[in-house]
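J.: Dropping a structure here in structure tokens format, bear with me for questions.
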Amino acid sequence: MSLLIKELWDLRWRGTILLFLTLLTGYFVLSNYEWFKTVADIAQIEQGLKQAPFLNQLFDMETLNQQLLELFNNIDFYIWSQWFGKNLYQLILLAIIILTFPLFARETEQNTNYFLLSNRTRKQIFLSKILASFFSIFLIIAAGSILPVIIALFNEFNFSLEQALMYGLQLSISSLFLYSVVVFFSIIFNDVIKPVIASVIVFVALGLMGKISGMLYLNIYRYMTGVDIFFTSSIQTTAMIVILILALFILMGSWYIFKNKDF
């Protein structure tokens with residue numbers, strides 16, 4: 001338990017800054033609905049939707065302009081498009097990389113694994129680092145997901161806890177997958193720079209899959225942003241199960257490598 005507390009303590013400043021950044025960004029985004037309607041360029045948004053395969057299939061392209069005008073008067077659309085579908089998931093991507101890339105790579109780079117292993121087993125070290133880092137990420141996700149509910153209480157719009165939980169759950173599972181990828185890189189590389197570079201490459205590659213017709217289901221950001229939740233009011237259960245299994249598989253592989261790695 002003391003090792004877990006130590007790992008949480010080591011992440012305190014990074015986690016606190018990211019949490020504060022998330023809450024601050026969320027406050028400004030979610031409190032400026034009326035301002036957004038005055039500056040939004042419908043023509044530009046319309047063009048962007050036509051270029052996004054997994055979004056344009058949800059609209060009737062012939063009446064897209066009218067549909068957008070109707071959506072602009074829907075606060076749920078604003079919360080999804082400007083928060084869950086844009087700013088929040090980008091902040092979570094940043095948090096995943098910043099809180100995860102040095103987990104194991106820094107210990108290897110600084111030759112401190114010997115010290116850790118003199119007092120703890122590899123299993124204890126692995127679990128403590130995993131639990132502490134993902135808990136920090138989950139805390140940011142939870143705060144960002146609940147924030148619209150809280151802000152709605154002080155403004156003239158409604159956003160239910162059920163909606164927040166759906167977005168938060170799907171974002172958490174999707175984030176766990178990306179988190180497991182960064183953990184894997186942090187273990188196989190012996191310095192803190194390579195995990196960052198490798199993670200960014202993979203994150204970009206996953207995004208490119210969303211632009212390939214016929215491979216839209218492979219776009220992890222489709223699930224992170226909750227686009228299906230907004231348009232269908234339901235979680236993509238099958239996709240979440242598959243993503244969760246993949247994430248756990250990668251984490252198990254990471255544990256196997258860490259358990260057998262020479263230090």
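J.: Please compute the length gained on full extension between Glu162 and Gln124, using 0.36 nm multiplied by the number of residues separating them and subtracting their Cα-Cα distance. Working shown, then result.
T.: Values: separation 38, 0.36 × 38 = 13.68 nm, distance 3.58 nm.
That pair, Glu162 and Gln124, stretches by 10.1 nm at full extension.
J.: Accessible area per residue for the range 117-263 in Å², computed with a 1.4 Å probe and the full protein assembly in place, what is it?
T.: Numbers: 7270 Å² over 147 residues.
Spelled out: the 1.4 Å probe surface of the range 117-263, per residue, equals 49 Å².
J.: Place the peptides 191-197, 89-95, 174-180 in order of packing, highest mean first, counting for every residue the other Cβ atoms within 10 Å and averaging per peptide. Working shown, then result.
T.: Working: 191-197: 16.7, 89-95: 19.9, 174-180: 24.4.
Top to bottom by mean Cβ count within 10 Å: 174-180, 89-95, 191-197.
The values are calculated or read from the model by the stated rules, or taken from the named source; none is laboratory data. All values derive from a computational prediction rather than experimental measurement. Every residue, glycine among them, receives a Cβ derived from its backbone with ideal geometry; neighbour counts consider all protein chains shown. SASA here: full protein model, heavy atoms, side chains in, ligands and nucleic acids out. Shrake-Rupley method; radii C 1.70, N 1.55, O 1.52, S 1.80 Å.
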